[in-house]
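Structure record follows, encoded as structure tokens.
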Amino acid sequence: MNHTFAHEILFGTLSGVERFIQSGADIEEIDEYGFSPLIEATIANKDDIVALLLRYGADIDNVDTTGRTALHWAVDNHNLSLCELLLAHHANANAYTFAGQPVLVYPLLRQQRELKKLLYRYGAQLSFAQDFIQAKLLGHRYELLGQVDIVNANEQFIEMNYEGFFLEFTLDVIFNSLRRYQNHFSSRHLRPYFENVQKLIRAFSNAQALLKYQRYTINIKNYTESINDLLNQELLLLPVAYEGHVITFIKYKNFLVRCDRGENACHEGSIVIYACRNLYAFNEAFCKQLMYRRQSREFLNKRIKQYLDLVYMTNLPIRRQRVGNCSWANIEASIPAMLFMLESVNKEGHLLSHFENGQQYAFNFFKDWQNWDKQRALEECIHTFYDANPARRATKATQLAAILFQQLAYDRNEIKQAESILKILSLPDYDYLLKSYLMVYWQLNKTKQGKELMNLLDACGVVVTL
């Protein structure tokens with residue numbers, strides 16, 4: 001059998017790779033997946049082959065189909081020695097993907113101290129990565145549509161999309177937010193919830209641990225005992241990704257809850273509660289299959305009901321996601337879903353016949369936490385605005401204008417948020433943002449959005465002269 005150059009890199013030997021090169025193999029040849037030889041070797045954690053390719057002059061900043069460099073992949077794999085090798089050969093520590101994601105984003109979100117220190121030593125810029133993360137999280141929390149510019153390490157404006165985030169980090173961000181909220185003085189009126197909130201937080205922590213085994217470099221058979229311990233919980237949160245979409249399943253006693261605020265919500269609802277009549281089939285092996293093997297839309301939407309003998313019980317009223325941030329929308333929806341189950345299923349494992357109180361209980365906490373979480377994110381953006389240079393201030397002002405226009409309404413709860421944003425947008429350097437929105441959505445086209453913005457400005461006592 002004649003092996004290809006790519007096959008030799010992934011499964012062969014160092015000497016075999018060198019023979020290919022000496023025989024005329026193209027060291028920049030792109031394989032069927034869009035990877036260069038250097039990126040292939042990096043993905044496979046072949047440090048010696050990476051060093052060989054660099055010695056023969058491989059382009060260290062070549063990118064794959066998403067704009068990721070070899071350094072992006074080495075960082076994702078948390079391969080410190082390979083990261084240092086690439087950086088020592090002048091890999092760009094501030095490289096970013098076509099989606100605008102800098103190399104430093106993963107180490108920041110994963111709190112990988114040594115990797116962060118290494119990247120900083122080679123010039124990685126903290127503010128670039130922080131601005132990317134902050135814009136993404138504002139976009140998710142406020143369900144913003146469209147694109148926004150951020151400033152890269154060369155002080156250039158680059159475009160990124162508000163939508164799209166990582167399941168791993170969505171779990172982490174919401175988990176940490178819930179913990180902070182429980183310890184914050186503003187949640188003191190919710191102390192009766194705290195016993196169940198602790199159970200919910202443990203379910204999030206458990207789901208985080210399960211997701212760590214989802215990486216392509218890990219053989220889950222080597223971690224059977226650890227994974228089985230994580231799956232052996234009464235309240236179990238299972239995030240499942242398929243075909244570019246993320247949903248969550250919650251198992252509690254003999255019930256299964258599905259959180260899907262996407263297209264499937266049109267048929268049954270966004271949070272659907274089933275009785276599971278084949279609990280024997282809902283075992284550790286099935287959970288591993290859900291989380292660690294590729295699933296089809298057809299199985300998750302239809303055949304799973306037959307396999308587990310699911311019987312529809314009820315659904316909880318939560319609106320569908322407005323934009324394409326499915327991981328955030330469906331992880332977030334698991335909060336009221338789990339609180340409802342903890343409150344509305346009795347010790348015998350039966351769903352209470354009158355569960356309206358449980359529904360109100362769950363959504364009271366959810367809405368309070370959600371409002372606090374949004375306010376905290378907004379305050380952080382405003383705080384960093386004042387500490388930023390002029391270019392970064394402009395990008396943050398643009399994000400604040402998007403929140404004001406797309407999501408804030410003329411009501412008492414949101415007037416204070418609008419006023420804090422308008423202090424910035426009324427500054428001479430940034431009032432062009434308000435004027436642009438009013439020109440397009442009110443003066444030139446009398447739209448509903450323009451009218452709502454005019455009402456909001458009037459309520460805040462702001463007059464804009466066009």
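What full-extension length gain, to one decimal in nm, is calculated for Arg297 and Lys347 as 0.36 nm per residue of separation minus the Cα-Cα distance? Before the final figure, lay out the partial values.
Working: separation 50, 0.36 × 50 = 18.00 nm, distance 3.42 nm.
This chain segment gains 14.6 nm when fully extended.
If you take the square roots of the eigenvalues of the alpha-carbon gyration tensor of region 44-200 and sort them as a ≥ b ≥ c, do you get rounded (a/c under 1.5), prolate (a/b over b/c) or oblate? Could you put the intermediate results ahead of the total?
On the way: a/c = 2.72, a/b = 1.85, b/c = 1.47.
Prolate shape, in that a/c is at least 1.5 and a/b is the bigger ratio.
Set the Förster radius R0 to 41 Å, insert the Cβ-Cβ distance between Ile218 and Asp458 as r into 1/(1 + (r/R0)^6), and round the FRET efficiency to 0.05.
0.15
With labels modelled as points extended 7 Å from the Cα through the Cβ direction, what inter-label distance (nm, one decimal) is found for Glu28 paired with Ser205?
In this crude label model, Glu28 to Ser205 measures out at 5.1 nm.
What net charge is computed for the residues neighbouring Ile424, neighbours being all others with C-beta under 15 Å from the C-beta of Ile424, Lys and Arg scored +1, Asp and Glu -1? It would help to have the intermediate numbers written out before the result.
Values: positive: Arg392, Arg393, Lys396, Lys416, Lys423, Lys435; negative: Glu379, Glu380, Asp387, Glu419, Asp429, Asp431.
My count for the surroundings of Ile424 gives 0.
Quick one: 3J(HN,Hα) in Hz for region 37-43, Karplus 6.51/-1.76/1.60 with θ = phi - 60°, rounded, Gly and Pro as x.
Ordered by residue, 3J(HN,Hα) equals x, 5, 5, 4, 5, 5, 4 Hz.
Per residue, how much space in cubic angstrom lies within the convex hull of the C-alpha atoms of the chain? Provide the component values of the computation, followed by the final result.
Working: hull volume 84.5 nm³, N = 466.
Once divided by residue count, the hull of the chain is 181 Å³.
Apply the membrane-span-like helix rule to the chain: whole DSSP H runs, Cα extent along the own long axis of at least 18 Å, mean Kyte-Doolittle hydropathy at least 0.5. List the helices found.
Working: long enough: 126-141 (22 Å, 0.11); 167-183 (25 Å, -0.21); 194-211 (25 Å, 0.24); 326-344 (26 Å, 0.83); 356-387 (47 Å, -1.28); 390-406 (24 Å, 0.06); 412-425 (20 Å, -0.30).
Helices meeting the span and hydropathy rule in the chain are 326-344.
Tell me the net charge near Leu235. Cut-off is 11 Å between Cβ atoms, Leu235 excluded, with +1 for each Lys or Arg and -1 for each Asp or Glu. Mind dumping the intermediate values first?
On the way: positive: Lys199, Arg202, Lys251, Lys253; negative: Glu234.
That sum, taken over residues with Cβ under 11 Å, equals +3.
Please give me the summed charge of the neighbours of Ala95: other residues whose Cβ is under 15 Å from its Cβ, Lys and Arg +1, Asp and Glu -1. Walk me through the intermediate numbers first.
Numbers: positive: Arg68; negative: Asp59, Asp61, Asp64, Asp76.
Result for the local shell: -3.
Please work out the Cα center distance from region 297-338 to region 1-69, rounded to the nearest Å.
42
What distance in nm lies between label points placed 7 Å from Cα along the C-beta direction at Arg277 and Gln147?
Placing both labels 7 Å along Cα→Cβ, they lie 5.2 nm apart.
Which one, Ile218, Gly269, Gln130, is farthest towards the positive end of the dipole of the chain when Lys and Arg carry +1 and Asp and Glu -1 on their Cβ?
Value computed over the given set: Gly269.
Note down the nm distance, to one decimal, between modelled labels 7 Å out along Cα→Cβ at Tyr120 and at Asn62.
Result: 3.3 nm between the two label points.
Evaluate the charge dipole of the chain about its Cα centre and quote only its size in Debye, nearest 20, assuming +1 on the Cβ of each Lys and Arg and -1 on the Cβ of each Asp and Glu.
Values: 49 positive and 51 negative charges, 330 e Å.
Using Cβ point charges on Lys, Arg, Asp and Glu, the chain gives about 1580 debye.
No lab work stands behind these numbers, since they all come straight from the coordinates. Predicted model, so just to flag it, every value in this text is computed and none were measured. Quick reminder, even Gly has a Cβ in these numbers, built from the backbone with ideal geometry, and neighbours come from all protein chains shown.
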